[in-house]
Structure formats: C-alpha cells, structure tokens
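These notes concern the structure reproduced below.
The values are calculated or read from the model by the stated rules, or taken from the named source; none is laboratory data. For clarity, every value in this text was computed on a predicted model and none was experimentally measured. When we count neighbours, we look across all protein chains shown, and the Cβ atoms used for this are built from the backbone with ideal geometry, even at glycine.
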Ligand SMILES: [Zn+2]
C-alpha cells in the first residue's frame with residue numbers, strides 16, 4: 001500500500017545509524033551521517049573483516065557507503081567515517097579521467113608498494129568539511145585486499161586515485177590528513193575549521 005510505504009520511509013529516516021554491534025537489514029542503500037572531527041571512532045584502529053564475514057551485512061555497508069560518498073561528492077569514504085570501525089573503504093576517482101575501474105570498494109587493504117616519487121596535492125576530508133591543504137604523499141601506490149565478495153584484488157593508483165587510496169587507508173588506522181601537516185599549518189587549518197563550524 002502506498003500509505004504504508006510512505007510511513008516506512010519516514011520511519012527509516014528516524015532510525016539511528018548502524019552501530020559497530022551490527023547493521024539492521026535494509027532493502028535499499030541509504031545515505032549515512034558522516035562522523036566529524038572529534039568523534040572518537042575516527043581515531044580508532046579499525047578491525048579487519050573476518051574471512052567468514054563477507055556477507056550481506058558487509059554488502060549493505062558498502063552499498064550505503066557508496067550512496068553516502070556520492071551524496072557528499074567525495075572521492076573516497078572509509079567505514080569509520082560512518083561510525084563502523086572496520087577495514088573497508090570505497091573510492092571514486094573517475095573525475096580524474098579514469099573509467100569505472102576507478103570506483104570500487106576495498107576490504108582489508110594493505111600497501112604492497114609505494115613510489116619514491118612524492119606528490120604534493122590539495123586534500124580535504126568529508127569528516128573535516130570546508131577546509132583543505134596540501135599533503136605530500138607517494139605519487140603512486142599499489143594495494144592488495146579483497147572485494148566485497150572476498151575475491152583478492154590488487155590495485156595501483158596515482159593522481160587522485162593514489163591519493164584517495166592512501167587517505168582512506170589512513171582512516172582505517174585512525175589517521176586524518178591534518179596529521180600530515182606541519183604543526184603550524186595544522187593549527188591554522190583547525191582554527192579555520194572551528195570558525196566555520198561555529199557559523
Ligand atoms: Zn577523509
């Protein structure tokens with residue numbers, strides 16, 4: 001019935017976001033609230049996905065993360081940013097000229113190779129909205145991990161993709177891009193951020 005579906009939607013909006021203890025079953029992916037700087041979950045070391053946990057719950061989480069990243073117009077989103085302290089992130093670097101291979105989820109990622117060459121580029125974070133600064137990172141990175149079905153994957157990225165891979169991996173270890181700035185630049189950026197938050 002149409003009336004029922006309307007009230008179901010309205011109720012879904014009122015539900016609290018998923019917690020680390022478990023996700024409720026959902027029919028459709030939904031946008032999740034993004035945790036902001038100061039939330040302790042952003043500073044935790046996230047837990048690996050166990051071999052027997054490549055299931056519907058993980059697929060729901062990843063679907064929701066894609067929807068949330070797209071709604072926030074981000075190039076990447078890590079699970080801790082939606083309050084889930086697990087080693088999962090999604091990236092979308094297609095705006096850098098890549099094809100659909102530039103949009104994917106990576107589970108239990110680990111760095112297998114980084115270039116000696118360093119790239120200094122502007123970087124921001126959905127958890128610290130409104131501010132950005134130049135961050136130095138390896139120009140190219142290769143990571144291995146798994147897709148959402150548990151298949152092993154290996155990805156190499158440079159440019160926006162490489163930067164997004166390293167930024168999102170940092171999130172899984174409780175590291176934020178501001179941690180890569182000099183103390184002075186970090187202080188200035190956080191001051192600007194707090195001012196923006198007060199407005
Ligand atoms: Zn971020």
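Quick notes
- Among the residues of region 11-29, the one identified as touching a helix residue (DSSP H, G or I) at 6+ places or on another chain (Cβ under 6 Å) and either loosely packed, with under 11 Cβ neighbours inside 10 Å or at pLDDT 90 or above (or both) is 29.
- Hits in region 142-188 (condition: assigned to a helix (DSSP H, G or I) and more than 14 Å from the ligand (Cβ to nearest atom)): 159, 161, 162, 183, 184, 185, 186, 187, 188
- Selection of first residues in region 49-61 that are exposed (fewer than 12 other Cβ atoms within 10 Å of the Cβ) and of second residues that are modelled with pLDDT of 95 or more and part of a loop (DSSP other than H, G, I, E, B), restricted to Cβ pairs under 9 Å at least 6 apart or on distinct chains, gives the following pairs, ordered by first then second residue: 51/150.
- As a summary of the residue check, residue 191 satisfies the conditions (1) assigned to a helix (DSSP H, G or I); (2) surrounded by 12 or more Cβ atoms within 10 Å (Cβ to Cβ); (3) modelled with pLDDT of 95 or more except for the one numbered (2).
- One residue from 102, 115 being away from the ligand (no atom under 16 Å from the Cβ) and at pLDDT below 95: 102
- Neighbours by Cβ (under 6 Å, 6+ apart or cross-chain): first from region 122-133, more than 20 Å from residue 41 (Cβ to Cβ) and more than 12 Å from the ligand (Cβ to nearest atom); second assigned to a loop (DSSP other than H, G, I, E, B) and at pLDDT 95 or above: 133/181
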